[in-house]
Amino acid sequence: MTGMTPNAPAPSKLAVRPRPQVMRLTDAAASRVKELASRADSEIVGLRVGIKNGGCAGQSYTVEYAHDVKPTDEVVEDKGVKILVDPKAVLFLLGTEMDYKADKMQAQFVFNNPNQISACGCGESVQLTPAKIDG
């Protein structure tokens, strides 16, 4: 045992860095997801969230019923609901808070996204940049 101190801890394997949670939900968003699930025409496992190209700013968020979990989905469970994130959208959504706002004129999910660099005037589309991951 040359070079080893008695009772010294054994060298450890490299620490595995925990995966960040892609999104989190406000209480209002979680309540709305639960309400939508209870009113759906068929059983759903949650909502699927993604990004599509289009609109005057270049991209827009998509939200739809998810009837199953695809093997490539990033599964976010928060406040008792399940959000399935399209794998192509993960880097654009890292750190996003999903909220739900309702007023006299409209009711919608709102994404407070640190990766959003601009939005169009009508609020229907955004410009996003991929999240920077510490390496």
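Looking only at residues that are farther than 17 Å from residue 98 by Cβ and among the polar types (S, T, N, Q) in region 36-85, which one is surrounded by the fewest Cβ atoms within 10 Å (Cβ to Cβ)?
Here the residue is 42.
Can you name the residue in region 8-35 that is of a type in the set (A, V, I, L, M, F, W, C) and under 30 Å from residue 117 (Cα atoms) and, of all such residues, is modelled with the lowest pLDDT?
22
On the basis of being touching a strand residue (DSSP E or B) at 6+ places or on another chain (Cβ under 8 Å), at pLDDT below 95, of a type in the set (A, V, I, L, M, F, W, C) and within 19 Å of residue 112 (Cβ to Cβ), does residue 57 make the cut? First the steps, then the outcome.
Details: touching a strand residue (DSSP E or B) at 6+ places or on another chain (Cβ under 8 Å): yes; at pLDDT below 95: yes; of a type in the set (A, V, I, L, M, F, W, C): yes; within 19 Å of residue 112 (Cβ to Cβ): yes.
When the stated conditions are applied, residue 57 passes them.
All but one of (1) modelled with pLDDT of 90 or more; (2) among the hydroxyl-bearing types (Ser, Thr, Tyr); (3) in a strand (DSSP E or B); (4) more than 17 Å from residue 36 (Cα to Cα) hold for residue 72, so report the exception by its number.
(3)
Any idea which of (1) in contact with a strand residue (DSSP E or B) (Cβ under 9 Å, 6 or more places away or on another chain); (2) within 21 Å of residue 21 (Cβ to Cβ) is the one residue 80 doesn't satisfy?
(1)
Got a sec? Which strands (runs of 3 or more DSSP E) wholly within region 82-135 have at least 2 residues that are more than 21 Å from residue 65 (Cα to Cα) and modelled with pLDDT under 90?
116-119, 126-128
Could you check region 19-54 and list, in sequence order, the residues that are in a strand (DSSP E or B), of a type in the set (Gly, Ala, Ser) and closer than 12 Å to residue 111 by Cβ? Walk me through how you get there before you give the answer.
Here is the first cut: in region 19-54, the ones in a strand (DSSP E or B) are 23-25, 46-53.
Pick out the ones that are also of a type in the set (Gly, Ala, Ser) and you get 46, 50.
Answer for region 19-54, where residues must be in a strand (DSSP E or B), of a type in the set (Gly, Ala, Ser) and closer than 12 Å to residue 111 by Cβ: just 50.
In region 98-117, which residues are touching a residue at least 40 places away in the same chain (Cβ under 8 Å) and loosely packed, with under 15 Cβ neighbours inside 10 Å?
Of everything in region 98-117, just one residue is touching a residue at least 40 places away in the same chain (Cβ under 8 Å) and loosely packed, with under 15 Cβ neighbours inside 10 Å, namely 101.
Do we have residue 21 as in contact (Cβ under 8 Å) with a residue 60 or more places away in the chain and not aliphatic (A, V, I, L, M) here?
Answer is no for this residue.
The values are calculated or read from the model by the stated rules, or taken from the named source; none is laboratory data. Quick caveat: nothing in here was measured; it's all calculated off a predicted structure. Cβ: placed from backbone, ideal geometry, glycine included. Neighbour counts: every protein chain shown.
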